[in-house]
Amino acid sequence: IEKEKFYNTRPEIYAWAVIGLLFLIRTAFIWHHKSFMYIYGFVGDGVKHLNPMYEIIHAYPNIDKYYGVLSGLAYSLPNSIVGLFLGLLPKGYNRKVVMSAVTIIAGVSMSLTGMFDSLIMLSAMRMVNGACDSVAAPLFY
């Protein structure tokens, strides 16, 4: 009788809000990871057409040389190594606390990525974001 009562209940609004928030956070991680595909691709339209303010290549003149490192190694290496050790972090701690901390750290790293036009800072923030993504990934599944 208890099982029937459990299976017949509908999720509350809070559960849907949490699922929606997790979806938005995961989407932000994926957008940040995939944003390097537009390094040469965005030309804009209207007033933004060919405006150097909207192209990443103008902020980082040496990015041609280091594009492979930034798009792959700087994100994937911390993602895989940190994932081995900190992927179990949500198991031992409260998931809400871990998700909040990871989201705040990832948000700061995404903001700092856009604030500075130093290639070293860009690669460091890509590493931080890759590490945060590997910690947050088990929380989404």
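The values are calculated or read from the model by the stated rules, or taken from the named source; none is laboratory data. The structure presented is a predicted model; accordingly, all values stated were derived computationally and were not measured. Here Cβ is always computed from backbone atoms with ideal geometry, including for glycine, and neighbour counts include all displayed protein chains. Side chains included, ligands, DNA and RNA excluded: accessible areas come from the protein's heavy atoms. Shrake-Rupley method; radii C 1.70, N 1.55, O 1.52, S 1.80 Å.
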Across the range 43-86, what is the total count of residues that are modelled with pLDDT of 75 or more and under 20 Å from the mean Cα position of the chain (by Cα)? 18
Would you be able to say whether some residue in the range 93-116 is over 25 Å from residue 21 (Cα atoms) and modelled with pLDDT under 75? no
Cβ-Cβ under 6 Å, sequence separation 6+ or interchain: first residue in the range 58-72 and touching a residue at least 12 places away in the same chain (Cβ under 8 Å), partner open to solvent by 100 Å² or more (accessible area, probe 1.4 Å). Which pairs? 59/117
Every residue from the range 91-121 that is over 14 Å from the mean Cα position of the chain (by Cα) and either in contact (Cβ under 8 Å) with a residue 60 or more places away in the chain or surrounded by 19 or more Cβ atoms within 10 Å (Cβ to Cβ) (or both): 98
Long-range neighbours under 6 Å by Cβ, at least six apart or interchain, first residue closer than 19 Å to residue 138 by Cα and open to solvent by 100 Å² or more (accessible area, probe 1.4 Å) within the range 8-25, second assigned to a loop (DSSP other than H, G, I, E, B) and at pLDDT below 80: none
